[in-house]
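The values are calculated or read from the model by the stated rules, or taken from the named source; none is laboratory data. For clarity, every value in this text was computed on a predicted model and none was experimentally measured. For neighbour counting, all protein chains shown are included, and Cβ atoms are generated from backbone atoms with ideal geometry for every residue, glycine included.
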Amino acid sequence: MVIDRAGLADFLRGRRESLQPEDVGLPRGARRRTGGLRREEVAALSHMSVDYYARIERQRGPQPSEQMLAAIAQGLHLSRAERDHLYRLGGHPAPVPGSGTDHVSPGMLRVFDRLGDTPAEIVTELGETLRQNALGAALGGDASLRTGPARSIGYRWFTDPAARRLHPEEDHAFYSRLYASGLRSVLALRGPGSRAADLAERLLAQSEEFRDVWAQHEVGLRPREVKRFLNAEVGLLELGCQVLLSPDDSHSLLVYTAAPGSPSDERLRLLSVIASPPSPVDDRRPRVRP
C-alpha cells in the first residue's frame with residue numbers, strides 16, 4: 001500500500017481540531033484561544049515528539065510505522081473504524097479484527113480519563129495493563145516497565161516473586177487457581193496458536209506450581225468481592241473492584257474503591273498524597289519512538 005500524505009494530514013488535522021481538551025482528559029486552561037487540540041497536545045498524548053507529529057500534518061518526513069499510527073490513533077481517541085482508516089491512509093493494512101488488540105475504545109477512555117482520585121486501569125483478557133492512572137501505578141506497580149509475556153499478571157504471578165508481594169501470603173493459593181482458571185478459559189475461547197496458548201506453554205515449561213494447578217482443570221473461578229493489597233507505603237488495603245467490560249475489544253476497566261470511613265479508605269487517601277501527581281497526559285505508557 002502507498003501512503004496518502006495529503007489525505008493523512010487532512011484526516012489528522014480534522015480529528016485534532018474536532019476534539020476539545022476535556023474530551024481527552026486535559027485541562028482547558030484560562031487563556032486558551034486555539035479551537036480543538038494543539039499539535040503538542042496530540043504529540044504528548046501519542047507519546048512522540050512534537051516535531052515528528054507536526055511533520056506528518058505537513059506532509060513531510062518518513063512514512064509512519066504501524067506502531068506510530070497505533071499511538072496516534074489512541075492519542076486522538078479514534079474509533080476502530082477511524083483507526084483502520086488512519087492505517088490505510090498511512091500506507092498500511094488495517095489490523096486484523098479479533099482478540100489481542102491494544103486499541104482502547106474512545107468510550108472507555110473517556111470514563112478512564114475522569115478517574116483521577118481512585119486507582120484505575122484498563123486490562124486485556126490476558127491481564128495486560130493498557131492504561132493506568134497514577135494511583136493505579138502506586139497500587140500495583142508501573143505497567144510501562146513491563147514487556148513481552150511479563151505484561152500479563154497471570155504470567156508474572158508464576159514467574160516473578162515481586163508479583164506475589166502485592167498480596168497477603170494467605171491469598172496466594174487462591175490467586176494461583178484464579179489465574180490458571182482464567183487463562184484456561186481464554187485459551188478455550190481463542191484456541192491453539194493464540195497468545196493465550198503461548199502463555200500456557202511458557203508457564204508449563206517454567207513453573208512447577210502452574211503445572212500442578214493447570215492439571216486440576218478448574219474453570220469459572222471468579223475474583224473475590226474484596227481484594228487485599230500489601231503496599232510498602234501504607235500497608236494493607238482492602239478494596240472492592242468494579243469492572244466495566246468492553247465486549248468488542250475484550251478489555252476491562254478496573255476501578256478500585258474502599259468502603260467510606262474504613263481504615264483502607266484512609267490509607268488510600270494517604271497513598272494518593274504519596275503517589276506522584278499525574279501530568280495531564282500521563283497514562284503510564286512508554287514513549288513511542290519513530
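Confirm whether SER18 is under 30 Å from GLN132 (Cβ atoms), small (Gly, Ala, Ser) and surrounded by 18 or more Cβ atoms within 10 Å (Cβ to Cβ). If you could, list the steps in order and put the result at the bottom.
On the way: under 30 Å from GLN132 (Cβ atoms): yes; small (Gly, Ala, Ser): yes; surrounded by 18 or more Cβ atoms within 10 Å (Cβ to Cβ): no.
No: the conditions fail for SER18.
Scan LEU199, LEU204, LEU183 and give me the residue that is in contact with a strand residue (DSSP E or B) (Cβ under 8 Å, 6 or more places away or on another chain), part of a helix (DSSP H, G or I) and at negative phi.
Working: LEU204 fails: in contact with a strand residue (DSSP E or B) (Cβ under 8 Å, 6 or more places away or on another chain); LEU183 fails: in contact with a strand residue (DSSP E or B) (Cβ under 8 Å, 6 or more places away or on another chain).
None of the others qualify; the one that does is LEU199.
Quick one: how many residues across the stretch 50-82 are surrounded by fewer than 21 Cβ atoms within 10 Å (Cβ to Cβ), closer than 22 Å to PRO21 by Cβ and of a type in the set (Gly, Ala, Ser)?
2
Do we have any residue at all in the stretch 100-116 that's of a type outside the set (A, V, I, L, M), modelled with pLDDT under 90 and on the phi > 0 side of the Ramachandran plot?
Within the stretch 100-116, one or more residues are of a type outside the set (A, V, I, L, M), modelled with pLDDT under 90 and on the phi > 0 side of the Ramachandran plot.
Scanning the stretch 170-217 for residues that are modelled with pLDDT under 95 and among the charged types (D, E, K, R), which turns out nearest to LEU230 (Cα to Cα)?
Only one residue tops the list, namely ARG195.
Checking the condition more than 30 Å from ALA134 (Cα to Cα), touching a helix residue (DSSP H, G or I) at 6+ places or on another chain (Cβ under 6 Å) and among the aromatic types (Phe, Trp, Tyr), which residue from TYR87, TYR53 passes? Working first, answer last.
Working: TYR53 fails: more than 30 Å from ALA134 (Cα to Cα).
One residue alone meets the criteria, TYR87.
If a residue must be small (Gly, Ala, Ser) and either touching a Phe, Trp or Tyr at 6+ places or on another chain (Cβ under 7 Å) or surrounded by 15 or more Cβ atoms within 10 Å (Cβ to Cβ) (or both), how many such residues does the stretch 197-239 contain?
Filtering the stretch 197-239 for residues small (Gly, Ala, Ser) gives 197, 200, 205, 207, 215, 220, 232, 235.
Okay, now just the ones that are also either touching a Phe, Trp or Tyr at 6+ places or on another chain (Cβ under 7 Å) or surrounded by 15 or more Cβ atoms within 10 Å (Cβ to Cβ) (or both), so 197, 200, 207.
The number of residues fulfilling the criteria is 3.
What do you reckon, is GLY91 under 20 Å from ILE56 (Cα atoms) and not β-branched (Val, Ile, Thr)?
Numbers: under 20 Å from ILE56 (Cα atoms): yes; not β-branched (Val, Ile, Thr): yes.
Taking the combined requirement at face value, the residue satisfies it.
Can you list the helices (runs of 4 or more DSSP H) found entirely within the stretch 30-149 that contain at least 1 residues being closer than 30 Å to LEU199 by Cα? Spell out the reasoning first.
Details: elements: 39-45, 50-57, 66-75, 80-89, 106-113, 134-140.
By residue number, 66-75, 80-89, 106-113, 134-140.
Among the residues of the stretch 240-275, what is the count of those that are outside any helix (DSSP H, G or I) and in contact with a helix residue (DSSP H, G or I) (Cβ under 6 Å, 6 or more places away or on another chain)? Walk me through how you get there before you give the answer.
Taking the stretch 240-275 first, the residues outside any helix (DSSP H, G or I) are 240-262, 275.
Applying the additional criterion that residues be in contact with a helix residue (DSSP H, G or I) (Cβ under 6 Å, 6 or more places away or on another chain) yields 246, 253, 258, 275.
Final tally of qualifying residues: 4.
Looking at the stretch 153-180, which of its residues are of a type in the set (D, E, K, R), closer than 18 Å to LEU126 by Cα and part of a helix (DSSP H, G or I)? Spell out the reasoning first.
Residues of the stretch 153-180 of a type in the set (D, E, K, R): 156, 160, 164-165, 169-171, 177.
Then keep just the ones that are closer than 18 Å to LEU126 by Cα; that gives 156, 160, 164, 177.
Answer for the stretch 153-180, where residues must be of a type in the set (D, E, K, R), closer than 18 Å to LEU126 by Cα and part of a helix (DSSP H, G or I): ARG156, ARG164, ARG177.
Just give me the residues in the stretch 36-49 being buried (at least 18 other Cβ atoms within 10 Å of the Cβ) and either of a type outside the set (Gly, Ala, Ser) or touching a Cys at 6+ places or on another chain (Cβ under 6 Å) (or both), in sequence order. Walk me through it before giving the result.
At the first step, the residues of the stretch 36-49 found to be buried (at least 18 other Cβ atoms within 10 Å of the Cβ) are 37, 39, 41-48.
The answer is LEU37, ARG39, GLU41, VAL42, LEU45, HIS47, MET48.
Inside the stretch 45-102, can you point out the residues that are among the β-branched types (Val, Ile, Thr) and in contact (Cβ under 8 Å) with a residue 12 or more places away in the chain?
Looking only at the stretch 45-102, we keep the residues that are among the β-branched types (Val, Ile, Thr), and these are 50, 56, 72, 96, 101.
Of everything in the stretch 45-102, those that are among the β-branched types (Val, Ile, Thr) and in contact (Cβ under 8 Å) with a residue 12 or more places away in the chain turn out to be ILE56, ILE72, THR101.
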